[in-house]
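Every read-out reported here was derived from the displayed coordinates using simple, explicitly stated rules and does not represent laboratory data. Just so we're clear, the structure is a prediction, and the values are computed from it rather than from any experiment. Don't worry about glycine lacking a Cβ; one is built from the backbone with ideal geometry, like all the others, and counts go over all protein chains shown.
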Amino acid sequence: MSDPRPGRWAHMAAADVIRRVVEPDGAGLRFRRRPASPPVIVVEDRFLTGTLNLRALEFPYVLEFLRCRFELPPDLRQAKLAGLEFRDCWLPGLQAKNMRCDNDLVLVSSTVDGAPVDLVDTHIEGSLNLTGSKIGNHTGRALLADRLVLAGALLANNVVARGEIRMPGLRAGGNVNFSGAVLDNADGYALNGYGMQVGGNLLCGIDVTTGARFSSTGWLFLPATRVESDFSLRGAELNHGDTTGVDITGDPGFDVTATLIADRLRVEGNLELDRGLRSNGTLRIVNGVIGGSLRLSSADIDVSGEQEPPWPHRALHLDGTQVSGDFDARSMRLAGQARMVDVSISGNLMLDGANLRNPESDVVLGRRCGVGGNLDGRFVEAAGCLSFQGAKIGANMDLRGTRLVEPGKNMRTGDVSPSVDIRAATIGRDLILAAGHRPFAAHGGVRMHRAEIGREANFDGAILGSGLGGTALNAHGMVALELVLTVGQAPRGRVTLRHARCASLADNEKFWDGTGRIDLEDFRYEALAVPIDLKDDKKVRTRLRWLRNSMQGHYSPGPYDQLAAVFRATGNEEHAATVLIEKHRWRYVALADGMRVLWPGVRLWSWLQRSMVGYGYRPTRALVWLLVVLVLGSVWFALRGEPNEINSDDTLIWNPVLYTLDLIVPIIDFGNKNRWQAPGASQWVATGLIATGWILATTAAAGLTRMLRRN
């Protein structure tokens, strides 16, 4: 840093500042007294040669240096001063370790170049004011303030620091304000505030006076920091340092490209990382506690490094953090993963309008995440997967109009990964994966295995799958009160509803016309959202066609039994019988397909049962067939005339109707078939009538058995 206004000072020995306190000669020194305050010694426009040495002295004066230059760093170690102020000065360093200051320590609009400003273990009863100063040296540390104690605030607005600002263990009674500051230490820590305690706000945002952004290059290292009010990085620009050669093999959880490291951070108010904050590295807050809200709206976090994906670095790392208010990330832009495992949010998680990119991997990893209110992710643009396995959401999960692409593949199985994964999640009210002013689209499908939804799972207008293979919807074991499957286009992939449960089912033809098979084994629903009228046979036939299309050539009885149970529950026995007849029809088709030799007999038997008694669900058909056979047989024998009489001793009169009836009714003997013998062709007709009677009797008995068992 250059010397400001070189050569414009009158020279003065630094020792004269102390010597002339008793006998001031007016040459650059003057006393100024405020009411009820210590005397003030003012030094203006001087080049102080030698060392200003107040080491271990008790100096009951306030020292003010205005527009001065120091040849050597002032030595104030172990001193006890009434106050100290440097304005528009140039210093080669400042040694103030273990100093005690009864008022403010001011270093405003000044330049420190050479040795660092050393305030280790210093106690200041007022505030430390570094506003507008430039601090830097060649040792890598600009400010040393370990265990600095401030009764007031730390004001470092618009500071420019080249090197590390080091203040672990800082105790400040008021605000710590770095708004508009520029901290540059690419080789390490830009700000090391491990274990700081801030009695007011910690501000690292935009300066309200100059409008300058806070900017840092290097790590903001704030683990175990405690802030009694808000911590603000609004509008800040955070850059990671030089990470080449950094070895992290011993700590896989370490984020080498981090710009903010604040594990175990405790903020009693809000944590504000919003309003245009930009970071090219990870924001890491693991196991933090935030008493208010966490705000990331309109933030831009990009760890891609302008490289092609996949990106190995996390953009957000918030594992185990507790947020007592809302998590507001609306309109956030993210390139990298947002890792939120075991995060607890008492309010709402808001992602509306966010642009999230971590292609072929999890863009949000929120396993076991807890949200007390709503999870709102409406109209999100996401490349990657939203993973909320085992999450607990108190109210709604609303991803209306969200578009998820580039899900990637499972490395173990090779299957396409789900775009939305809410396995074993619990949602208190509604799951909304529906269309808004545009469709909800999940190219990798949705996995909600064993999810529990308190009210409605809504897929109205949704686009599931992308033709890349894999699963469009996996709702195995899902439980919901209402299930809405009125999708916007046919699912492109497998659909699993095995063991799922709902009270009401709403669907449409597109859902049943997907490219993959629909697994409906043990899928239970109590009613259709749009009931089928008792007289509307066409809709029943349409729904049976949907069922058959969904199975894609495979036979499964469960879906037919379930649909029949729904019809029976509404008193619609006729339609229930229609469904069960269709079930048995395809059952015999499946049996015939599995037999190499006997399949014609199976198909014939199936046709006979279906046509004669409707597999037992239409037993009245047997009576119709009996009447038809009776009429045909009676006509035949009437036209052929009286057959041969077997026993002339009988006095039975020939009756073709009774003779035919005796032939077609098995077991019971009316005495006609043993009295007469039909010759020629009539003999074959009689044999056919006997066989037909047995077939009708056995099929009718089977139907009656099913009816009795049902009842």
When we measure straight from the Cα of Lys80, which aspartates and glutamates land under 16 angstrom away, once same-chain ones fewer than 8 places off are left out?
Glu58, Glu64, Asp102, Asp104, Asp118, Asp121, Glu125
State, as an integer percentage, the relative contact order of region 36-187 based on alpha-carbon contacts under 8 Å between residues 6 or more apart.
15 percent
Distance from the Cα centre of region 489-511 to that of region 403-457, in angstrom?
13 Å
Find the eigenvalues of the gyration tensor of the Cα atoms of region 305-375, then list the square roots of 5 times those eigenvalues as equivalent ellipsoid semi-axes, largest first, in whole angstrom.
23, 13, 9
Tilt, helix 620-640 to longest principal axis of the chain (alpha-carbon atoms), in degrees rounded to tens, equals 20 degrees
Measuring from centroid to centroid over Cα atoms, what is the spacing of region 177-200 and region 579-609 in Å?
79 Å
Expressed in nm², what is the orientationally averaged projection area of the convex hull enclosing the Cα positions of region 436-531?
5.6 nm²
So what's the angle, to the nearest 10 degrees on a 0 to 90 scale, between helix 681-710 and the longest Cα principal axis of the chain?
40 degrees
Multiply the residue gap between Lys409 and Lys510 by 0.36 nm, knock off their C-alpha separation, and tell me the result in nm, one decimal place.
33.7 nm
Please say if region 370-441 is rounded, prolate or oblate, where rounded means a/c under 1.5 for a ≥ b ≥ c the square roots of the C-alpha gyration tensor eigenvalues, and otherwise the choice is prolate for a/b larger than b/c and oblate otherwise?
oblate
Just subtract the alpha-carbon distance of Ala56 and Leu627 from 0.36 nm times their residue separation and send over the number in nm, one decimal.
192.9 nm
For the chain: relative contact order, % (alpha-carbon pairs under 8 angstrom, 6 or more apart)
4 percent
Any idea how far the Cα center of region 91-139 sits from the one of region 362-394, in Å?
46 Å
Dipole of region 511-611 (Lys/Arg Cβ +1, Asp/Glu Cβ -1, origin at the Cα centre): which of Tyr525, Gly601, Asn549 lies farthest to the positive side?
Gly601
Quick one: if the Förster radius is 60 Å, what FRET efficiency do Arg147 and Ala590 give, using the C-beta to C-beta distance and rounding to 0.05?
0.15
Where in region 564-592 does the label zone of Leu604 land, with the point 7 angstrom along Cα→C-beta and an amide N cut-off under 16 Å?
592
Going down the list Lys510/Lys535; Lys510/Lys538; Lys392/Lys583; Lys97/Lys134, which pairs span over 29 Å between their C-alpha atoms?
Lys392/Lys583
So if R0 is 22 Å, what FRET efficiency would Glu44 and Ala212 give, r being the distance between their Cβ atoms, rounded to the nearest 0.05?
0.15
For Met551 and Ile668, what is the calculated FRET efficiency with R₀ set at 30 Å and r taken between the beta-carbons, to the nearest 0.05?
0.10
All-pairs Cα distance distribution in region 503-545, expressed in whole percent, bin size 5 Å:
5, 17, 23, 31, 17, 6, 1
Given points 7 Å out from each Cα along the Cα-Cβ axis, report the Asp561 to Gln683 separation in nanometres with one decimal.
5.1 nm
Computed helical MRE - 222 nm, the chain, DSSP H runs ≥ 4 contributing -39500 (n - 2.57), nearest 500:
-6000 deg cm²/dmol
For a test of the definition: using alpha carbon positions, the gyration tensor, and the 1.5 limit on a/c, classify the chain as rounded, prolate or oblate.
prolate
What dipole magnitude, in Debye to the nearest 20, does the chain give about its Cα centre under +1 on Lys/Arg Cβ and -1 on Asp/Glu Cβ?
1220 debye
Overall form of region 94-154 per C-alpha gyration tensor (a/c, 1.5; a/b vs b/c):
oblate
I'd like the orientation of helix 537-551 relative to the chain: the angle between its Cα long axis and the longest Cα principal axis, in ° from 0 to 90, rounded to 10.
60 degrees
Based on Cβ point charges of +1 for Lys and Arg and -1 for Asp and Glu, what charge dipole magnitude is obtained for region 378-468 about its Cα centre, in debye rounded to the nearest 20?
140 debye
